[in-house]
Each structure stands twice: as C-alpha cells, then as structure tokens.
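Only one structure is covered here, and it is reproduced in the block below.
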C-alpha cells in the first residue's frame, strides 16, 4: 500500500461517516438554524456529506497537530457558525 491508497481509504471512511450524519439528519431532523439544517435546505445531500467530511478532516488534523481532544458536536448547534470559537474568532 502506498501513500495515495491510504489517503483514498481515509477519504472513503470520512465520506461514509458523513453520509451517516446526513441520512440521520434527513430522518430525524436538525435544529432550526443549525449549519447542517441550512446546508441540507439548499444543497444536494452528497455535497453536504463532502462538506462534513472536509470539516471532519480539518478538525481531526487540528486535534492531532495541537494534541487536543474532541470538544463539541459542531454540526447540530444552532448558536455556532462553522469556523468560530466562543469568542467569535476563527478556528478549525
């Protein structure tokens, strides 16, 4: 297995996980005003899944490089925008 095969596997896993989130959200609903709710209202499901997978990959990378733990479920919180922290500054 070379480097590209590993990336393909990780990409596939991230997208599979993101599709689970999208399917769950379509069945159960999402809080009004949440990032996921707004995205599903105006974008195709697969595009939303790719966006979620991208966000998960960036979050994982940030946690690994900074040695941090996972803190909150950012997709379903209507009071938070993507890329902002509690102080309103940009974050990953």
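Each value in this text was obtained by applying a stated rule to the coordinates, not by laboratory testing. None of the values given here were measured: they were computed from a predicted structure. Backbone-built Cβ (ideal geometry, glycine too); neighbour counts: all protein chains shown.
What full-extension length gain, to one decimal in nm, is calculated for residue 20 and residue 60 as 0.36 nm per residue of separation minus the Cα-Cα distance?
Full extension of this stretch gives 12.6 nm more.
Please report, in whole Å, how far the alpha carbons of the stretch 3-76 spread along each principal axis, starting with the longest.
37, 27, 17
So what is the relative contact order for the stretch 3-76, in percent, with contacts set as C-alpha pairs under 8 Å and at least six apart?
Details: 37 pairs, mean separation 28.3, N = 74.
The value is 38 percent.
If I model a spin label at residue 8 and residue 41 as a point 7 Å from the Cα along the Cα→Cβ vector, what separation in nanometres do I get?
3.9 nm
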